[in-house]
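*Asks:* The structure's right below; bear with me while I get my questions together.
The values are calculated or read from the model by the stated rules, or taken from the named source; none is laboratory data. Predicted model only: the values in this text are computed from it and were never measured. A quick note on method: Cβ atoms are made from the backbone with ideal geometry, for glycine too, and the neighbour counts reach across all protein chains shown. Remember, those area values only see protein heavy atoms, side chains included, never the ligands or the DNA or RNA. Shrake-Rupley method; radii C 1.70, N 1.55, O 1.52, S 1.80 Å.
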Amino acid sequence: MAQLYVRVRLKSQAIAIYKQLLRKYDDSYLYAELAELMPNAADRVALLCQAVAQQPKENYNMANRYHLAELLQMPSPTRAAYEISKSVEARKKAKQPIPTDVDRMARVLSAYTPVTEAEQTLFYQKQKNIAKQIINR
C-alpha cells in the first residue's frame, strides 16, 4: 500500500504507513524505504543506519551503504569511506560488478582513512535514537 501511495505521489500517506509498520517491526527494508521518502538528509542518515544495522546479510546492505556514503560524504568523509568500502567489499565477495558511481565514490573517498567498525557501530547506536524519534513523530 505504501508503495502505491508513492507511485501516485501521496508521499505523506506512504510515510505514515512505513512509520506505523516500523513501530511494530524492526525491519531493514522498511527503514530503507522510509529513508528514501524523507526530505531531510539527517533523517535519511538515521534511517539508513538502522537499515544497515538491522540487516545481518551484507549482500542486502550494498545499496544502503552506498546511499549512506552519499549522504555522509560531505559532513563526514571518514564515515562515508567506511560505508563505501563495505559496499565495494560486499559486491566483490558476491562477485557482482561494481557500478561506475560506486567506483567513482570509492576512488574519491580513498583519500580518507575510514573510521573503525567500533566507531561506526557507536554511530549507528546514536542514530537509533534519532530514528525512533522520526518514527514516533
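*Asks:* I'd like to verify a number: residues in segment 70-90 that are of a type in the set (Val, Ile, Thr) and open to solvent by 30 Å² or more (accessible area, probe 1.4 Å), how many?
*Replies:* Keep residues of segment 70-90 that are of a type in the set (Val, Ile, Thr), which gives 78, 84, 88.
Of the ones still in play, those that are also open to solvent by 30 Å² or more (accessible area, probe 1.4 Å) are 78.
Number of matching residues: 1.
*Asks:* Just need a number here: residues in segment 28-43 that are touching a helix residue (DSSP H, G or I) at 6+ places or on another chain (Cβ under 7 Å) and open to solvent by 60 Å² or more (accessible area, probe 1.4 Å). Outline the logic, then answer.
*Replies:* Of all residues in segment 28-43, those touching a helix residue (DSSP H, G or I) at 6+ places or on another chain (Cβ under 7 Å) come to 28, 30-35, 37-38, 41, 43.
Add one more test, that the residue is open to solvent by 60 Å² or more (accessible area, probe 1.4 Å), and what stays is none.
Residues flagged as touching a helix residue (DSSP H, G or I) at 6+ places or on another chain (Cβ under 7 Å) and open to solvent by 60 Å² or more (accessible area, probe 1.4 Å) within segment 28-43 amount to 0.
*Asks:* While we're on this one: Filter segment 100-120 for residues that are among the polar types (S, T, N, Q), in a helix (DSSP H, G or I) and open to solvent by 60 Å² or more (accessible area, probe 1.4 Å) and give the result. Write out each step before concluding.
*Replies:* Here is the first cut: in segment 100-120, the residues among the polar types (S, T, N, Q) are 100, 110, 113, 116, 120.
The next check asks that each one be in a helix (DSSP H, G or I); those that pass are 100, 120.
Result: Thr100, single match.
*Asks:* In segment 53-78, what residues are small (Gly, Ala, Ser), under 13 Å from the mean Cα position of the chain (by Cα) and closer than 16 Å to Ala41 by Cα? Steps first, answer last, please.
*Replies:* Pass one, segment 53-78, residues small (Gly, Ala, Ser): 53, 63, 69, 76.
If we keep only those that are under 13 Å from the mean Cα position of the chain (by Cα) as well, we get 53, 63, 69.
Passing the criteria: only Ala69.
*Asks:* State all residues of segment 120-136 that are charged (D, E, K, R) and touching a residue at least 12 places away in the same chain (Cβ under 8 Å); if no residue qualifies, say none. Give the derivation first.
*Replies:* Residues of segment 120-136 that are charged (D, E, K, R), as a first pass: 126, 128, 132.
Of everything in segment 120-136, just one residue is charged (D, E, K, R) and touching a residue at least 12 places away in the same chain (Cβ under 8 Å), namely Lys128.
*Asks:* What's the number of the only condition in (1) over 16 Å from Ala131 (Cβ atoms); (2) open to solvent by less than 60 Å² (accessible area, probe 1.4 Å) that Lys93 fails to meet?
*Replies:* Here Lys93 clears every test but (2).
*Asks:* Tell me which of these Asn59 doesn't satisfy, since it passes every other one: (1) modelled with pLDDT of 95 or more; (2) in contact with a helix residue (DSSP H, G or I) (Cβ under 6 Å, 6 or more places away or on another chain); (3) open to solvent by 60 Å² or more (accessible area, probe 1.4 Å).
*Replies:* Unmet condition: (1).
*Asks:* For segment 122-137, what are the residues that are in a helix (DSSP H, G or I) and open to solvent by 60 Å² or more (accessible area, probe 1.4 Å)? Even if it seems obvious, please write down each step before you answer.
*Replies:* Here is the first cut: in segment 122-137, the residues in a helix (DSSP H, G or I) are 122-135.
Within segment 122-137, Leu122, Gln125, Lys126, Lys128, Asn129, Ile130, Lys132, Gln133 qualify.
*Asks:* Among the residues of segment 14-52 satisfying the criterion of being under 11 Å from Gln127 (Cβ atoms) and among the charged types (D, E, K, R), which is nearest to the chain's Cα centre (by Cα)?
*Replies:* Arg44
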